[in-house]
Amino acid sequence: MSALNNRRPFFFPGGMASVDTSHPVGYGKISRNFGCSFVCTGTNGLVSLMDGQVFTLSGSQVFKNHGVIGPCVGFLTTGAYAYLGNQSSASVSATTAAFIIVMSAYNVGGGGTGYMWSGGANVGLGINTSGAFLLYDSGNVNTGIIVPIGIPFFLAISFNTTAMYAVGTNLITGAVQFNKAGAGQPAWSATAQDFLVGTFTSQTPAYFGGYVAAGMVSQGTFLDWPQLMQWAADPWRFWYPGKNKLYRHINAAPPLGKPRSSIPMVIG
């Protein structure tokens, strides 16, 4: 680890992006049909860490190398989004999702919310006109997490039909916001949906209004409160385990029987 990252543990760690097999939502908890894990690789766009597939881009995106979150893509104009197709084909009663973002503006999406992700017409994650982190699951649910414009954030949520937990880490200060009192949410329907980043299926050509560096969704996975708080204290671990302040085994072999999927970072 560099001296810079020792002083700034919440900044982009650099190095090789991969699937952290030791993470609670690591390899085996995300499959191609029930979620995705991805990072931005500069001007090459968003790349799935599960199979190396590059997201299809629509509209006009803005790519930059941000000083805190590294390579990221901005969805800042009408009709700008990225997608993988047909991500969910079965009913699921739990979901865990996490994103690393920085907002440029509020109130740019349809209905006063800019959505960073949508899993179809009935579910998505966004930021509203007050900077509140919202879950849309057959209606907007306010997590209580506030994301200021221009401040890089790690956001994570995990919910099932009986509980909803949410956290947000300021990646400059390390301060953590949290909500562990959320009500359970309805199960997803058994319908194939597109995995969209930067918009919401039913509200295109609405757009997000911010930059995305990394993200993941694991349908059918629920993290308990201690697991989510542990992740909030170590946000980059899931996508960059080799450069993480807790996991320094850069060249370590993956656990027996669990292949490591990795791609090189290309900063454009």
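The values are calculated or read from the model by the stated rules, or taken from the named source; none is laboratory data. Just so you know, these numbers come straight off a predicted model, no measurement behind them. Neighbour counts are summed over all protein chains in view; Cβ atoms, including those assigned to glycine, are modelled from backbone coordinates with ideal geometry.
Tell me the residue from 28, 67, 111, 45 that is at positive phi and at pLDDT 75 or above, please.
Of the residues listed, the single one that is at positive phi and at pLDDT 75 or above is 45.
Can you report the number of residues in the range 172-228 which are in contact with a Lys or Arg (Cβ under 7 Å, 6 or more places away or on another chain) and at pLDDT below 80?
Looking only at that region, the number is 0.
Out of all the residues in the range 132-143, which are part of a strand (DSSP E or B) and either exposed (fewer than 15 other Cβ atoms within 10 Å of the Cβ) or free of Cβ contacts under 8 Å to residues at least 24 places away in the same chain (or both)?
132, 134, 142
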